[in-house]
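Novice: First, the structure itself, so that you have it in front of you.
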Number of protein chains: 2
Amino acid sequence: MAISAKMREFVANGSMIRKMFEEGARLKALYGADKVFDFSLGNPNVSPPDIFKRTLKAVVDADEPDLHSYMPNAGLPAARAAIAARLGTEQRVDVRAENIVVTCGAAGALNIVFKALLEPGDEVLVSAPYFVEYGFIADNHGGKLKIVASKPDFSLDLAALESAMGPKTKIVLINTPNNPTGKIYPENDLLALAEAMKRKGARYGRSLYLVSDEPYRKLAYDGAKVASPLASCPNSIVVSSYSKELSLPGERIGFAAVNPLAEGAGEIAAALALANRILGFVNAPSLMQKVIALLIDQEGRDKGLPACVDVSIYQRKRDMLAKGLKSAGYDFSLPEGAFYLFPKIPMADDGTFIDLLKEENILVVPGSGFGVPGYFRIAYCVDDATIAGALPGFARAIEKAAAFA
Amino acid sequence: MAISAKMREFVANGSMIRKMFEEGARLKALYGADKVFDFSLGNPNVSPPDIFKRTLKAVVDADEPDLHSYMPNAGLPAARAAIAARLGTEQRVDVRAENIVVTCGAAGALNIVFKALLEPGDEVLVSAPYFVEYGFIADNHGGKLKIVASKPDFSLDLAALESAMGPKTKIVLINTPNNPTGKIYPENDLLALAEAMKRKGARYGRSLYLVSDEPYRKLAYDGAKVASPLASCPNSIVVSSYSKELSLPGERIGFAAVNPLAEGAGEIAAALALANRILGFVNAPSLMQKVIALLIDQEGRDKGLPACVDVSIYQRKRDMLAKGLKSAGYDFSLPEGAFYLFPKIPMADDGTFIDLLKEENILVVPGSGFGVPGYFRIAYCVDDATIAGALPGFARAIEKAAAFA
């Protein structure tokens, strides 16, 4: 056997998702790309903001001597300082450069956080539905994902989370705004969660850490505020990226921020920097670090010119999709943030419904891919034309589904 | 305890190297940066070639729509094809795009290769002296580094390597040109190593893989050719990066190439792509992938304009340093490639000699950092002035060392 037994199993399971991509490619070849409505991937279709493009060009044109050089594993001092200042303002905590490790996106950040914190067999608690990649990341570092169902409205089930915290629990992982539900967890829930973690930590004589994965923080609609995990819970770490807020998913640039009030904040930051090196990231890409540092500084000077994509575009897409789905009879909560909508599957058999959508050339991800059968995820970070073009197909699919009942 | 016991130990041990950096910073603050001769880091001081800078600027100016988007985890199709074509020509093997995974540098590539291949407890054989990071990378994925001494001239001890191959050996890891010795392994040694791996694989009923870490391939002097692991050994994987040949260590761009003749070549490539995703790299940075693809294509059209730093600059630095050290009485082999020189420590106590060099404001890395006490590494990827300025100090240190005898 060439590859390890576990990787062979992962590759085989991973191929279910690949099959959907292949199905998309097959349909696009058959009917033309404009006739296929692909809502499967969270790949932002909104262009990076002009301020990003101008800053990137300025940095490349300036061509400073150390632009592409090695740097400390935790990142460029200027990038760490800028990220800390912005995050501290947003989350009302005195975050300093020394609390920040610049990373290869949020996925890189989660890997170094789990590598730093987890003992073999330690548990990571997560509320379902959840991003399926979390399971792989916990497993990479000897941890185990423990899944707790959310309430019917996809808010955190605090009692269930607390009773799931056991002697092996080290991390409680939240994702707000949530992929795939678009839910934003309110501050009271974060405060209650922090209290529960403190109680269980005291009982088992160990420190539990809240890890908040929040790459969608800036994508909140109708003026919704995303509560601050750092202000709500001293033992907390934020991981994030610029993939969504600047539409840079391919560049792999993000960060981990350790709450300065966390127990062992200093040794956690040191372990994150070491993990960044030994897991092979070494440091986040240097050119993008430089750009992010300048961009955040610029944003601080130009009040009202945020270094962020135009969120109203996503809100418009959400409203367009939600209106069409509602009039077709789908059952869902209006997403408060992120760019996913997570309706109920309107029949008993999930696979059959996904096939009914495929017959309409509509590609979505079944909820089982997020630990919650009976739902499906629509990633609406696509052209308006894709949404408009798909709505008749969504309507026909729910009509056909009714015939199965 | 905030971080895991293992990471706490790693952070504590890692601090020996950090202490050297801090010592460097202390000395530079005390005497001025130009009075401190820092040979501790392999951070190229030669600027990226103009062809790289022009291509980067052209790509940023063109600002194509998907420049910063997600892509397949294995990389941009154009980058995979270009890397395959160039590598195939260099190594005389029919490498295709499907055999390539673009990675976050060679360290990222090694991590995904080890993640893909190693079962818990599997051994990775390496010839000492070796890059100390290899031990961490094997450990990340449940593997164990098994160290085999090289011959006195730092060539591979083939008999010792063969007898070290046991029932748990999965990978034989080589680094050519070698860090820290500058040794290039000749083709006959690679062929003999491949035969030995085949014999042992047959005996234990498992496939052994040769992994060649070769970011210094283009940095070979006096017209030396770096033999081809891919042509010498069917079960082989090359990992490399553009960090040294294009002076881009901060950008984290490299690749893993699976020999198309390897057993399970297809499933290895699939596992590497999956490992790229789940370890959090997701994909190598997209802008740099685009630049590398264009750069290699351009190199193919402009014969005689290699997409590579001017290697004669490093050869000149090597010669300057070697001449000075030789006349001072140091004992070493002339490096055939890379940008490190690895002399014997001219006294019984290594630490005392490192301190004698520090008294001269000269910073180097002791051989114990590469698994071989009794030597030290000089990274000569520095200004000519640093080399010239340090030579009197090297001469005084060896004189003082003689007084200890």
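The values are calculated or read from the model by the stated rules, or taken from the named source; none is laboratory data. Small disclaimer: the values here were computed from a predicted structure and weren't measured. With ideal geometry, Cβ positions are generated from the backbone for all residues, glycine too; neighbour counts draw on all protein chains shown.
Novice: Does residue B:138 qualify as being more than 21 Å from the chain's Cα centre (by Cα), of a type in the set (Gly, Ala, Ser), more than 8 Å from chain A (Cβ to nearest Cβ) and within 27 Å of residue B:274 (Cα to Cα)?
Specialist: When the stated conditions are applied, residue B:138 does not pass them.
Novice: Can you pull out every residue in region B:84-115 that is within 11 Å of chain A (Cβ to nearest Cβ) and touching a Pro at 6+ places or on another chain (Cβ under 8 Å)?
Specialist: Of everything in region B:84-115, those that are within 11 Å of chain A (Cβ to nearest Cβ) and touching a Pro at 6+ places or on another chain (Cβ under 8 Å) turn out to be B:104, B:105, B:106.
Novice: For residue B:131, indicate whether it is in contact with a His (Cβ under 6 Å, 6 or more places away or on another chain) and more than 8 Å from every other protein chain (Cβ to nearest Cβ).
Specialist: Criteria not met by residue B:131.
Novice: Which number in (1) surrounded by fewer than 17 Cβ atoms within 10 Å (Cβ to Cβ); (2) touching a Phe, Trp or Tyr at 6+ places or on another chain (Cβ under 7 Å); (3) of a type in the set (Gly, Ala, Ser) marks the one condition that residue B:327 misses?
Specialist: Condition (2) is where residue B:327 drops out.
Novice: Moving to a separate point now. Tell me which of these residue A:168 doesn't satisfy, since it passes every other one: (1) under 26 Å from residue A:244 (Cβ atoms); (2) surrounded by fewer than 21 Cβ atoms within 10 Å (Cβ to Cβ).
Specialist: Going through (1) under 26 Å from residue A:244 (Cβ atoms); (2) surrounded by fewer than 21 Cβ atoms within 10 Å (Cβ to Cβ) one by one, residue A:168 breaks only (1).
Novice: Can you name the residue in region B:116-126 that is over 15 Å from residue B:238 (Cα atoms) and facing chain A (nearest Cβ under 7 Å) and, of all such residues, is nearest to the chain's Cα centre (by Cα)?
Specialist: By that ranking, first place goes to B:118.
Novice: Any idea which residue in region B:198-208 is farthest from residue B:145 (Cα to Cα), counting only those that are in contact with a helix residue (DSSP H, G or I) (Cβ under 8 Å, 6 or more places away or on another chain) and not in a loop (DSSP other than H, G, I, E, B)? Even if it seems obvious, please write down each step before you answer.
Specialist: Pass one, region B:198-208, residues in contact with a helix residue (DSSP H, G or I) (Cβ under 8 Å, 6 or more places away or on another chain): B:199-200, B:207-208.
Now narrow it down to the ones that are not in a loop (DSSP other than H, G, I, E, B): B:199-200.
Working: B:199: 21, B:200: 18 Å.
If we take residues in region B:198-208 being in contact with a helix residue (DSSP H, G or I) (Cβ under 8 Å, 6 or more places away or on another chain) and not in a loop (DSSP other than H, G, I, E, B), then B:199 is farthest from residue B:145 (Cα to Cα).
Novice: Tell me which residues, restricted to region A:141-166, are within 14 Å of chain B (Cβ to nearest Cβ) and in contact with a helix residue (DSSP H, G or I) (Cβ under 8 Å, 6 or more places away or on another chain).
Specialist: A:141, A:143, A:145
Novice: Pull up region B:259-299, narrow it to residues that are within 30 Å of residue B:43 (Cα to Cα) and β-branched (Val, Ile, Thr), then point me to the one that is surrounded by the most Cβ atoms within 10 Å (Cβ to Cβ).
Specialist: Within region B:259-299, the match that is surrounded by the most Cβ atoms within 10 Å (Cβ to Cβ) is B:292.
Novice: Right, next: Could you grab me the full set of residues in region A:169-184 that are of a type in the set (Val, Ile, Thr) and either without any contact (Cβ under 8 Å) to a residue 12 or more places away in the chain or farther than 22 Å from residue A:379 by Cβ (or both)?
Specialist: A:169, A:171, A:172
Novice: What number of residues within region B:261-274 are facing another protein chain (nearest Cβ under 7 Å) and closer than 13 Å to residue B:114 by Cα?
Specialist: Matching residues across region B:261-274 total 3.
Novice: Here's a check for you: in region A:359-385, which residue that is part of a helix (DSSP H, G or I) and under 23 Å from the mean Cα position of the chain (by Cα) is nearest to residue A:128 (Cα to Cα)?
Specialist: Checking each candidate, the answer is A:370.
Novice: Among the residues of region A:66-83, which ones are more than 14 Å from chain B (Cβ to nearest Cβ) and surrounded by 22 or more Cβ atoms within 10 Å (Cβ to Cβ)?
Specialist: Residues of region A:66-83 more than 14 Å from chain B (Cβ to nearest Cβ): A:80-83.
Within region A:66-83, A:80, A:82, A:83 qualify.
Novice: So for region A:37-54 (the condition being surrounded by fewer than 22 Cβ atoms within 10 Å (Cβ to Cβ) and within 26 Å of residue A:266 (Cβ to Cβ)), does at least one residue qualify?
Specialist: no
Novice: Of the conditions (1) in contact (Cβ under 8 Å) with a residue 24 or more places away in the chain; (2) over 24 Å from residue B:287 (Cα atoms), residue A:270 satisfies every one except a single condition; which number is it?
Specialist: Here residue A:270 clears every test but (1).
Novice: Would you be able to say whether some residue in region B:23-32 is closer than 28 Å to residue B:246 by Cβ, free of Cβ contacts under 8 Å to residues at least 12 places away in the same chain and more than 12 Å from every other protein chain (Cβ to nearest Cβ)?
Specialist: Checked region B:23-32: at least one residue is closer than 28 Å to residue B:246 by Cβ, free of Cβ contacts under 8 Å to residues at least 12 places away in the same chain and more than 12 Å from every other protein chain (Cβ to nearest Cβ).
Novice: Which of the residues belonging to region B:87-105 are of a type in the set (D, E, K, R) and either modelled with pLDDT of 95 or more or in a loop (DSSP other than H, G, I, E, B) (or both)?
Specialist: B:92, B:94, B:96, B:98 - these are the residues of region B:87-105 that are of a type in the set (D, E, K, R) and either modelled with pLDDT of 95 or more or in a loop (DSSP other than H, G, I, E, B) (or both).
Novice: Report whether or not residue A:11 is in a helix (DSSP H, G or I) and outside the structural domain of residue A:260 (by TED's automatic domain parsing).
Specialist: The answer is yes for residue A:11.
Novice: If you check residue A:322 against the conditions, is it more than 27 Å from residue A:251 (Cβ to Cβ), more than 19 Å from the chain's Cα centre (by Cα) and part of a helix (DSSP H, G or I)? Even if it seems obvious, please write down each step before you answer.
Specialist: On the way: more than 27 Å from residue A:251 (Cβ to Cβ): yes; more than 19 Å from the chain's Cα centre (by Cα): yes; part of a helix (DSSP H, G or I): yes.
Against the criterion (more than 27 Å from residue A:251 (Cβ to Cβ), more than 19 Å from the chain's Cα centre (by Cα) and part of a helix (DSSP H, G or I)), residue A:322 qualifies.
Novice: Mind checking which residues of region A:279-320 are within 14 Å of another protein chain (Cβ to nearest Cβ) and either without any contact (Cβ under 8 Å) to a residue 12 or more places away in the chain or of a type in the set (S, T, N, Q) (or both)?
Specialist: A:280, A:283, A:286, A:289
Novice: Name every residue in region B:35-65 that is more than 8 Å from every other protein chain (Cβ to nearest Cβ), part of a loop (DSSP other than H, G, I, E, B) and either farther than 18 Å from residue A:68 by Cβ or over 29 Å from the mean Cα position of the chain (by Cα) (or both), in order of residue number.
Specialist: If the condition is that a residue be more than 8 Å from every other protein chain (Cβ to nearest Cβ), part of a loop (DSSP other than H, G, I, E, B) and either farther than 18 Å from residue A:68 by Cβ or over 29 Å from the mean Cα position of the chain (by Cα) (or both), then B:36, B:39, B:40, B:64 are the ones that fit.
Novice: Sticking with this structure for a sec: Considering only residues of region A:187-229 that are among the small types (Gly, Ala, Ser) and under 21 Å from residue A:242 (Cα atoms), which is farthest from the chain's Cα centre (by Cα)?
Specialist: That would be A:223.
This table checks each residue for (1) in contact (Cβ under 8 Å) with a residue 40 or more places away in the chain; (2) touching a Cys at 6+ places or on another chain (Cβ under 7 Å); (3) within 20 Å of residue B:226 (Cβ to Cβ); (4) outside the structural domain of residue B:314 (by TED's automatic domain parsing).
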position	(1), (2), (3), (4)
B:108	yes, no, no, yes
B:114	yes, no, no, yes
B:144	no, no, no, yes
B:159	no, no, no, yes
B:167	no, no, no, yes
B:186	yes, no, yes, yes
B:190	yes, yes, yes, yes
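Quick grid of which residues meet (1) modelled with pLDDT under 95; (2) assigned to a loop (DSSP other than H, G, I, E, B); (3) in contact with a strand residue (DSSP E or B) (Cβ under 7 Å, 6 or more places away or on another chain):
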position	(1), (2), (3)
B:151	no, yes, no
B:162	no, no, no
B:171	no, no, yes
B:180	no, yes, yes
B:183	no, yes, no
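Novice: Do you know which residues across region B:363-375 are without any contact (Cβ under 8 Å) to a residue 60 or more places away in the chain and more than 23 Å from residue B:249 (Cα to Cα)?
Specialist: Taking region B:363-375 and keeping what is without any contact (Cβ under 8 Å) to a residue 60 or more places away in the chain, we get B:366, B:368, B:373-374.
Once the filter is applied, which keeps residues that are without any contact (Cβ under 8 Å) to a residue 60 or more places away in the chain and more than 23 Å from residue B:249 (Cα to Cα), region B:363-375 yields B:368, B:373, B:374.
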